[in-house]
1. Hey, can you find the accessible area per residue of region A:1-45 for me, probe 1.4 Å, expressed in square angstrom?
2. Express the accessible area of region B:50-135 per residue in Å², computed with a 1.4 Å probe while the remaining protein chains stay in the model.
3. Label B:Ser131 and A:Tyr7 with points 7 Å out from Cα along Cα→Cβ: what is the distance between them in nm?
4. Taking +1 at the Cβ of each Lys and Arg and -1 at the Cβ of each Asp and Glu, which of B:Trp211, B:Pro191, B:Cys112 sits farthest along the dipole of chain B towards its positive end, judged by Cα position relative to the Cα centre?
5. Tell me the relative contact order for region B:47-179 as a rounded percent, counting alpha carbon contacts under 8 Å between residues six or more apart.
6. What percentage of the solvent-accessible surface of region B:197-254, computed with a 1.4 Å probe over protein heavy atoms, is contributed by carbon and sulfur atoms?
7. Take the Cα gyration tensor of chain B, multiply each eigenvalue by 5, square-root it, and list the three semi-axes largest first, rounded to whole angstrom.
8. Using a 1.4 angstrom probe with every protein chain in place, what is the largest-first accessible-area order of B:Thr29, B:Thr77?
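The values are calculated or read from the model by the stated rules, or taken from the named source; none is laboratory data. Everything quoted here is computed from the prediction, not taken from an experiment. All Cβ positions, glycine included, derive from the backbone under ideal geometry; neighbour counts span all protein chains shown. With ligands, DNA and RNA removed, areas are computed over all heavy atoms of the protein, side chains included. Shrake-Rupley method; radii C 1.70, N 1.55, O 1.52, S 1.80 Å.
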Amino acid sequence: MNAPDRYERFVVPEGTKKVSYERDTKIINAASFTVEREEHTIGNILRMQLHRDPNVLFAGYKLPHPLQYKIIVRIHTTSQSSPMQAYNQSINDLDRELDHLKNAFEAEMLKFSRDY
Amino acid sequence: MEGASYARMPRVKIRELKDDYAKFELRDTDASIANALRRVMIAEVPTIAIDLVEIEVNSSVLNDEFIAHRLGLIPLTSERAMSMRFSRDCDACDGDGQCEFCSVEFHLRVKCMTDQTLDVSSKDLYSSDHSVVPVDFSDPAATDSSENRGVIIVKLRRGQELRLRAIARKGIGKDHAKWSPAATVTFMYEPEIHINEDLMETLTLEEKREWVDSSPTRVFDIDPVTQQVMVVDSEAYSYDDEVIKKAEAMGKPGLVEIIAKQDSFIFTVESTGAIKASQLVLNAIEILKQKLDAVRLSEDTVEADDQFGELGAHMRGG
């Protein structure tokens, strides 16, 4: 009867920002990104991609509660970089990787249909 | 700072490709990407499924909501889904099903007039859009087409009738499993098996046979000519550790070493028929790209930080 709508799990409510950014008050070059209506799918790939960046000292994500549909990504970088820069770069790199993957898969499909 | 890129260039090799089944190798990436793809294929690639049912007459043995639920679970051909709108953000209609951008209408009218039980199936659903129809599961090789009916919805006896209007919409598996295009999507780490040949040769043929048979799946076998143990199917290995335990129990630890390669995956994708398995993979990549794009920082967030950043730099004495 009073069940919340199922789409609340993946539709960002009006007036809410998809990503919000909060600097750490005590540590320089550390920040938390709160991403609304995302979960492990995005959280884990971002975390693993951030780990590939040598300027990232720490990167982690958490899903605070299964009924709070948001993740928090925390990044700490060296002074050569910034959390925002590392975050943006990781998204760009993942995007590039997926572009490549798409092309590779399509090329394989073409090859496969020709060979068999 | 542009130029430094930590992007990987994954490799793909397709092993098997059918309309509703795909098996492929994915290399040079990590488990996070493999798992993200799997999760997106199951829960976030859109399809079309019946979502609203208006029943006019139902004198069958099943109640209205039972039939509505069964209708929802029927896979519909969903090649159109990627370019369709979700009815919740369609501005051309109010979601009542009269809109070509976000919905497809179906009609079903069946009445049993004979003494024989009448099967009402997905073949009795008439679609308003020829590109969105119940999936045809009939075997193209079978010559006898009369026996190939669709998914059975309900059975009627003499005098019983079912008449309804249904509206199919675009949706994702996260909302309801009826929208999931995936029957199963799995991936496994590719195993790398090294047999210590020297240690293996200290075993008698009988011991070798015993060791080979200790694996629950047929991973190893004995060459009938050389009587050497060989790997016949490394991918049959289910990471059960049985052969390793057996080697230890036989007093030969290190007889075999099995490593799960951390950057190689073997994917198995089975589709419900709503979209082709190959298209499912491609759509999943596309959806994942869209999701990443959505989590980019917005301009105002960056600007707000720039101001705050300068202030912060001053405060830190910079």
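1. Accessible area per residue: 62 Å².
2. The answer is 56 Å² per residue.
3. Once both label points are built, they end up 2.2 nm from each other.
4. Towards the positive end, the residue furthest out is B:Cys112.
5. It comes to 42 percent, rounded to a whole number.
6. Summing carbon and sulfur atoms, their accessible area is 48 percent of the total for region B:197-254.
7. Rounded to whole Å, the semi-axes are 48, 37, 15.
8. B:Thr77, B:Thr29
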